[in-house]
Amino acid sequence: MTATETLWDDLRAFLGQPDLTREELEAHRWDCDAAIREARVASRYDEVLATNDLSLRQLAAWHLEDRRGFDGAPVPPRPGATLLDFGAGIGTRGIAHALRGWRVDFCEINGPSRAFLEFRLDRLQLAGGVWATLQSGLEYDKVLCMDVVGHLSDPLLLAQVSRAVASGGTLCINWDNWDDGVHAHADFPFTHLLAECGLRPGANGSLWLRPA
């Protein structure tokens with residue numbers, strides 16, 4: 001079983017729409033982007049980011065389309081290795097890691113997506129914390145921050161995320177340079193910020209390491 005194999009049935013059960021079609025779901029991807037653009041113009045981005053129920057549908061459509069990309073997860077380096085999925089959305093990447101044996105916590109600001117994530121964990125009988133904000137004082141062997149930074153209301157929040165990386169741990173992160181009204185902070189010096197926070201670039205641009 002993989003993280004995306006149960007996603008479609010879980011989504012229809014969660015929404016109470018057993019007859020929902022993939023075509024109907026796909027249409028929500030563009031509805032969500034339009035809502036985000038309007039929110040940025042109206043200075044209501046934080047509110048929409050936290051409450052927009054189109055987001056979970058958009059994410060589900062994307063994850064079902066790119067199953068290989070979201071199901072891929074490495075075996076943990078040791079039993080009980082810990083992972084934080086920051087900006088988890090509906091949690092597919094984190095769930096993929098949990099199914100491989102990682103102990104995973106999730107952080108997601110969007111309420112509807114967070115509720116669906118909790119629903120998925122319950123149906124899969126997986127444990128893990130699910131929070132709307134970062135929990136101070138917790139450190140992890142691995143932190144995922146994938147497809148997130150362009151949606152942060154404040155890019156400096158990444159400094160708090162970096163503090164969750166334990167000694168010898170890894171931050172997996174990416175960012176986009178899209179100027180599309182949906183993603184933001186294209187010109188922010190993220191690499192400089194991560195270096196200031198004590199992380200060092202790894203083998204590729206998406207990996208940052210905290211020296212042991």
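The values are calculated or read from the model by the stated rules, or taken from the named source; none is laboratory data. Given the structure is predicted, the values throughout are model-derived calculations rather than measurements. Cβ placement follows ideal geometry from the backbone for every residue including glycine, while neighbour counts extend to all protein chains displayed.
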**Message:** When you check Asp9 against the structure, is it out of contact with any Gly (no Cβ under 6 Å at 6 or more places or on another chain), at pLDDT 90 or above and surrounded by fewer than 17 Cβ atoms within 10 Å (Cβ to Cβ), yes or no?
**Reply:** yes
**Prompt:** Which ones in the stretch 37-56 are more than 14 Å from the chain's Cα centre (by Cα), in a helix (DSSP H, G or I) and either under 24 Å from Thr4 (Cβ atoms) or modelled with pLDDT of 85 or more (or both)?
**Reply:** Leu54
**Message:** With the structure loaded, tell me whether Leu59 is within 19 Å of Cys145 (Cα to Cα), of a type in the set (A, V, I, L, M, F, W, C), modelled with pLDDT under 95 and touching a Gly at 6+ places or on another chain (Cβ under 6 Å) or whether it fails that test.
**Reply:** yes
